[in-house]
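Structure, as structure tokens:
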Amino acid sequence: MVCGGGSRNPLLMARLAALLPGTEVTTTDAVGISGDDMEALAFAWLAWRTLAGLPGNLPSVTGASQETVLGAIFPANPVISELTEFFLPRLPLHLER
């Protein structure tokens, strides 16, 4: 699946299809996920993983030696920090570490 501006480039899509014989080259739009929204969704997912203390990388894909939590959260003030500590365990996507 291709997303973003490249997914609207017919030359790029045709080249991908030629380089990946036997593979359906399609866009995220075709499965209901706006290619324009995909980047925002990816960053939101990575932020959630960081907040939950979960790794955000796949060593088999990135070549990293191990899984690791990506980035860091720096609350602007103590009130935001307290809100984060209160709401994070209650998020519907929360996973136990």
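The values are calculated or read from the model by the stated rules, or taken from the named source; none is laboratory data. None of these values were measured; they are calculated from a predicted model. All Cβ positions, glycine included, derive from the backbone under ideal geometry; neighbour counts span all protein chains shown.
Under the condition of being of a type in the set (A, V, I, L, M) and not in a helix (DSSP H, G or I), which residue from the range 49-63 is nearest to Gly5 (Cα to Cα)?
Leu58
Would you confirm whether or not the range 64-78 contains a residue that is at pLDDT below 90, more than 16 Å from the chain's Cα centre (by Cα), among the polar types (S, T, N, Q) and over 24 Å from Val2 (Cα atoms)?
Within the range 64-78, one or more residues are at pLDDT below 90, more than 16 Å from the chain's Cα centre (by Cα), among the polar types (S, T, N, Q) and over 24 Å from Val2 (Cα atoms).
Just to be sure I understand the filter: pairs with C-beta atoms under 8 Å, separated by 6 or more residues or on different chains, first member in the range 54-73 and within 14 Å of Phe43 (Cα to Cα), second member part of a helix (DSSP H, G or I) and among the β-branched types (Val, Ile, Thr). Which pairs pass?
Gly56/Thr50; Val69/Thr50; Leu70/Thr50; Gly71/Thr50; Ala72/Thr50; Ile73/Thr50; Ile73/Thr84
Just for the range 7-53: of the residues that are in contact with a Cys (Cβ under 9 Å, 6 or more places away or on another chain), touching a residue at least 12 places away in the same chain (Cβ under 8 Å) and not small (Gly, Ala, Ser), which one is surrounded by the fewest Cβ atoms within 10 Å (Cβ to Cβ)?
Among them, the one singled out is Glu39.
For the range 26-52, enumerate the residues that are modelled with pLDDT under 90, among the small types (Gly, Ala, Ser) and over 19 Å from Ile73 (Cβ atoms).
Within the range 26-52, just Gly35 meets the criteria.
Sort out which residues of the range 24-48 are closer than 21 Å to Leu11 by Cβ and not in a helix (DSSP H, G or I), and write them in order of number.
Scanning the range 24-48 gives Glu24, Val25, Thr26, Thr27.
Which condition from (1) modelled with pLDDT under 90; (2) part of a helix (DSSP H, G or I) is the one that Arg15 breaks?
Of (1) modelled with pLDDT under 90; (2) part of a helix (DSSP H, G or I), only one is false for Arg15: (1).
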